[in-house]
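Everything on this sheet refers to the single structure shown next.
The values are calculated or read from the model by the stated rules, or taken from the named source; none is laboratory data. Here the structure is a predicted model, which means the values were calculated and not measured. Methodologically, a virtual Cβ is constructed for each residue, glycine included, from the backbone with ideal geometry; neighbour enumeration extends over all protein chains shown.
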Amino acid sequence: MADFDLTLNNLEELFPAGFTQEQLAKGKTVLLKELAYDLHKYYGGKMTTLPKAGLYGFNWFNIWYTPGVSKISTTIRDNNDASFDLTNRGNLVAVVSDSTRVLGDGDCTPSGGLGVMEGKAFLMKYLGGCDGVALCINSYNDKGEHDPQKIIDFVKMAEPSFGAINLEDISQPNCYKVLDTLREECNIPVWHDDAQGTGCVTLAGLINALKIVGKKMSEARIVFYGAGASNTTIFRLIETDGGDAKNMIMFDTKGALGPFREDIKANKAHYRKWEICQKTNPKNIKTMDDAMKGVDVLISLSTPGPDVIKPEWIKSMAPKSIVFACANPVPEIYPYAAKEAGAFIVATGRGDFPNQVNNSVGFPGILKGALMVRAKKITDNMAIAAAHSLAGTAEKKGLKPDYIISKMSEWELFPAEARDVAMQAIKDGVARVKMTAEEAYALAEKDIRESREITDKMMAQGLIKKPPVEMLEAAVKRAVSQIK
């Protein structure tokens, strides 16, 4: 295996020829986890801190530190907004989590989320040209409970150091209170990627999927399976962008949402779900069997599969049905099984299947756009503008059932997305800085190119070392043995 493909584009070729589709799908999941462990240990994580200013002699520390830096301190003292110009604050994002809902792994303890938060920072830098810092915090109160107020207080205390906040992997219902409170009380953008990020990217995919099948957003019948932060926000963005709530039904772990759900009404922490109960499911449908009959779209963000979504549900959908099965790390139903059941378009959260609904094509550009105009918040209109920007980038390349949304490798989507978000921020009146669309695109493009060039040059010069082939070969052997 001396010619191991470091791009990891052909994982299927690493497994025995006799593997079934299901074995290949499971095998790739296991292999990626094995590689992740080995490589994180090899590199000691994946982020570091480097200077952006030059050092032309040791006397320059008198400029970058004391006594020269006193001028910076007093200037910011007299005008706090000067911190965006005179420090890295204007391009710096805090990735904040209490690690209570880490991907498909649940509560991983505060430090258990560090790998994911470093990953977000990595993507922000390479794809969006902005810096990120992983901040996993302890949200326990004196009673041993996860307290959303702890997160709120932490972010408000840290706000003076950052240009934006990216909330991540916070369990519900705490995530709703944290986001809604911080969006209103902070003077910088607060973005919850599990909610707004997933909502934005899913909306982009849905816009294009509906174009392919020739259906209108306003008429589409949609079932949401799962009622967490992602699906509840996806619902809100779809409705704001023209979807009709009366054509929608959402399910949580206890069944369908609707005005009959007194348990949700009685719990003030679930106010977001109660809003959905009042707007959707006018026929008071109670079961998935009944809800799925003749629907156009299924959007599932629930429990990792592969047998969570039943093939018979998909068989009962309308012709040219659209299925989003986006649980990680394993979709609720594998794409081949969904297509065998009759789905015309299938999307998942996985990069090794077509139509990946990947937040990574959203938040780097969205946060960059917000940072460039020093936005005070990220409005729903800004998230919807990003969704249409994403959808438009893919449409220019030519839509088809296996291509409804742009990929991370299509780098031009990020400066375009940053530009469109920046323009919407100005339109919504939340931008501190005004610029033209041309200026926004040029700035985003420059910063993203420079970020990529730095990483690429460090790899080329051996400052980022290439992993040994033997390590990769060993991971493949372990993965194959686990599936056999």
In region 64-77, which residue that is assigned to a helix (DSSP H, G or I) and of a type in the set (A, V, I, L, M, F, W, C) is nearest to the chain's Cα centre (by Cα)?
ILE76
Answer from PHE122, PHE154 - the residue that is at pLDDT 95 or above, farther than 20 Å from ASN359 by Cβ and aromatic (Phe, Trp, Tyr)
PHE154
Of the listed residues (ILE63, ILE76, ILE72), the one being without any contact (Cβ under 8 Å) to a residue 40 or more places away in the chain, out of contact with any helix residue (DSSP H, G or I) (no Cβ under 8 Å at 6 or more places or on another chain), more than 27 Å from GLU118 (Cα to Cα) and surrounded by 12 or more Cβ atoms within 10 Å (Cβ to Cβ) is ILE63
Taking the conditions exactly as written (in contact (Cβ under 8 Å) with a residue 40 or more places away in the chain, surrounded by 11 or more Cβ atoms within 10 Å (Cβ to Cβ) and touching a Cys at 6+ places or on another chain (Cβ under 9 Å)), does VAL96 satisfy them or not?
yes
Residues being without any contact (Cβ under 8 Å) to a residue 40 or more places away in the chain and either surrounded by 12 or more Cβ atoms within 10 Å (Cβ to Cβ) or not in a helix (DSSP H, G or I) (or both): count how many of those fall in region 469-483.
1
Selection count where residues are at negative phi, without any contact (Cβ under 8 Å) to a residue 40 or more places away in the chain and either among the small types (Gly, Ala, Ser) or surrounded by 13 or more Cβ atoms within 10 Å (Cβ to Cβ) (or both), scope region 44-60:
3
Do any residues in region 448-466 that are modelled with pLDDT under 95 have Cβ atoms under 7 Å from those of residues that are surrounded by 12 or more Cβ atoms within 10 Å (Cβ to Cβ), where the two are at least six apart or on different chains, and which pairs are they?
none
Looking at (1) part of a helix (DSSP H, G or I); (2) under 26 Å from ASN208 (Cα atoms); (3) under 19 Å from the mean Cα position of the chain (by Cα), which is the only condition TRP411 fails?
(1)
Restricting attention to region 102-117, does a residue exist that is farther than 17 Å from ASP194 by Cα and crowded, with 22+ Cβ neighbours inside 10 Å?
no
Does region 125-134 contain any residue that is of a type in the set (Phe, Trp, Tyr), within 24 Å of LEU443 (Cα to Cα) and buried (at least 22 other Cβ atoms within 10 Å of the Cβ)?
no
Give the residue that is farthest from LYS52 (Cα to Cα), with candidates limited to residues of region 79-92 that are touching a residue at least 40 places away in the same chain (Cβ under 8 Å) and out of contact with any helix residue (DSSP H, G or I) (no Cβ under 8 Å at 6 or more places or on another chain).
ASP81
Among the numbered criteria (1) farther than 17 Å from ILE234 by Cβ; (2) of a type outside the set (Lys, Arg); (3) outside any helix (DSSP H, G or I), which single criterion is violated by ILE264?
(3)
Please count how many residues of region 201-229 are of a type in the set (Val, Ile, Thr) and touching a Leu at 6+ places or on another chain (Cβ under 6 Å).
2
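The rows are residues; the columns are (1) of a type outside the set (A, V, I, L, M, F, W, C); (2) under 30 Å from the mean Cα position of the chain (by Cα).
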| site | (1), (2) |
| --- | --- |
| LYS268 | yes, yes |
| ARG272 | yes, yes |
| GLU275 | yes, yes |
| VAL295 | no, yes |
| SER316 | yes, no |
Please verify whether ARG419 is at pLDDT 95 or above, of a type outside the set (Phe, Trp, Tyr) and not in a helix (DSSP H, G or I), treating the condition exactly as stated.
no
Which of the helices (runs of 4 or more DSSP H) found entirely inside region 272-372 contain at least 1 residues meeting this: without any contact (Cβ under 8 Å) to a residue 60 or more places away in the chain?
288-291, 311-315, 335-340
Mind listing just one residue for me: the one in region 264-290 that is surrounded by fewer than 14 Cβ atoms within 10 Å (Cβ to Cβ) and among the charged types (D, E, K, R) and, of those, nearest to ALA195 (Cα to Cα)?
LYS268
Got a sec? Which of LYS41, LYS33 is part of a helix (DSSP H, G or I), within 30 Å of CYS130 (Cα to Cα), within 22 Å of the chain's Cα centre (by Cα) and among the basic types (Lys, Arg)?
LYS33
